[in-house]
Amino acid sequence: MPSFSKGCAIYRPTMNKKVSFLVACICSILFSHDVYANSWKRLQAPLMTSWSQNIDTLNVWPEYPRPQMVRSEWQNLNGVWDFEKGDGFGTYNSNQTFSKRILVPFPIESALSGIMDTEYPANMTKTFFYRTFFSLPSSYENKEVLLHFGAVDWDCAVFVNGIKVGSHRGGYDPFTFDISSALTQGGKQELQVHVTDPSDTGAQPKGKQVAYPGGIYYTPVSGI
C-alpha cells in the first residue's frame, strides 16, 4: 500500500543560499485562500473517523515532511487545489479548465479529498490535473528553489508557470525538482501537476490496488 507523505514545502537553509521547496505527496506552500477552502467539501465514506471531522483545510499535515533534515525556512503547499479529470497528460494548456477542488494530499478516491472518484476502470487511461498558486517571500529571490514531493501515484509531469520542470514515475518514493529557472520575479507562481495511474495494468508495482476491488483487493490510490 502506498505511503503518504505529509506535505509539500519550501525551505531555505541557513548555511548557504539554497532554498528548498518541498512537495511531499502534497504541495507545501500553505495558503489562506478562503475561497478555495470554502469550495472544498468533505464527502462521506463507509468508514469515517473523528479526525476526519476536524480537518483544517488551511493547516493540513503541517509537520515538516523530512524531520531528519529540518530547515528554518520552508513553506507547506498542502491544502485545497484546483482539480480536473480529462485527457492530455504532459501537455501544458494555459486554457485548461478546473471545475472541482481537491484537498491535497488525500488521494482522489478518498472522501477527504473531496473528489471520491469511483470510476476506477475508466481512470486508468485518464489524466488528473492539479493546479495551485503560491508566492515566494522576498528573502527567496536569487536563491535556488526546490520543489519536493513525498510521493505521487503513479506517473506525473510538473509545470511551473507553464514550464515543465520535471517528471517522475513511481508511487512510493519522494522526488525533487529545481524550479528556480521557471519562477517569475514577484507575484503569484502557478504550479500544475498532471498525474496518470494505470492501477493494476502495466508492469509497475501495484500491490492489491485494482480497478475492480473486492475480497482481499482494494481500491486504487491515485494522485498527489
- Task: State the number of residues belonging to region 122-165 that are hydroxyl-bearing (S, T, Y) and in contact with a His (Cβ under 6 Å, 6 or more places away or on another chain).
- Result: 1
- Item | Wholly within region 118-176, strands (runs of 3 or more DSSP E) carrying at least 3 residues that are surrounded by fewer than 16 Cβ atoms within 10 Å (Cβ to Cβ), basic (K, R) and in contact with a helix residue (DSSP H, G or I) (Cβ under 6 Å, 6 or more places away or on another chain) | none
- Message: Give me the residue from region 177-198 that is crowded, with 18+ Cβ neighbours inside 10 Å and among the small types (G, A, S) and, out of that set, nearest to I102 (Cα to Cα).
- Response: A182
- Kindly indicate whether any position in region 147-160 is aromatic (F, W, Y), in contact (Cβ under 8 Å) with a residue 40 or more places away in the chain, under 16 Å from P220 (Cβ atoms) and in contact with a strand residue (DSSP E or B) (Cβ under 8 Å, 6 or more places away or on another chain). yes
- With criteria (1) farther than 21 Å from A182 by Cα; (2) under 18 Å from the mean Cα position of the chain (by Cα); (3) at pLDDT below 95, K126 comes up short on (3)
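Residue-by-condition table, conditions (1) over 19 Å from L191 (Cα atoms); (2) touching a strand residue (DSSP E or B) at 6+ places or on another chain (Cβ under 7 Å); (3) among the aliphatic types (A, V, I, L, M):
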residue: S52; (1), (2), (3): yes, no, no
residue: W61; (1), (2), (3): yes, no, no
residue: S72; (1), (2), (3): yes, no, no
residue: N76; (1), (2), (3): no, yes, no
residue: D82; (1), (2), (3): no, yes, no
residue: K85; (1), (2), (3): no, yes, no
residue: N93; (1), (2), (3): no, no, no
- Query: Out of all the residues in region 171-224, which are aromatic (F, W, Y) and touching a strand residue (DSSP E or B) at 6+ places or on another chain (Cβ under 9 Å)?
  - Reply: Y172, F175, F177, Y217, Y218
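The values are calculated or read from the model by the stated rules, or taken from the named source; none is laboratory data. Since this is a predicted model, take the numbers as computed values, not measurements. Using ideal geometry, Cβ is built from the backbone for each residue, glycine included, and neighbour counts are taken over all protein chains shown.
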